[in-house]
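S.K.: I'd like to ask you about the structure that follows.
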Amino acid sequence: MLESPVKFFKNLPKKRCTSCKKPMVEQADCYTNKCEKCTPVI
């Protein structure tokens, strides 16, 4: 039996920064893999 999509997405692990490995606060349109502290300001 297939799992509901809502349950599937709720069970995914938190996204982590590739530099410092801390959990990231995700935004709907964000595809970055580094947190705000590790991302250089342009």
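The values are calculated or read from the model by the stated rules, or taken from the named source; none is laboratory data. Note that the structure is a prediction, hence the values are computed from the model and not measured. With ideal geometry, Cβ positions are generated from the backbone for all residues, glycine too; neighbour counts draw on all protein chains shown.
S.K.: Counting only residues that are polar (S, T, N, Q) and either outside any loop (DSSP other than H, G, I, E, B) or surrounded by fewer than 10 Cβ atoms within 10 Å (Cβ to Cβ) (or both), how many does the chain have?
M.R.: Counting residues in the chain that are polar (S, T, N, Q) and either outside any loop (DSSP other than H, G, I, E, B) or surrounded by fewer than 10 Cβ atoms within 10 Å (Cβ to Cβ) (or both) gives 3.
S.K.: Now, a different point. Could you count how many residues in the range 14-42 are among the aliphatic types (A, V, I, L, M) and at pLDDT 85 or above?
M.R.: 1
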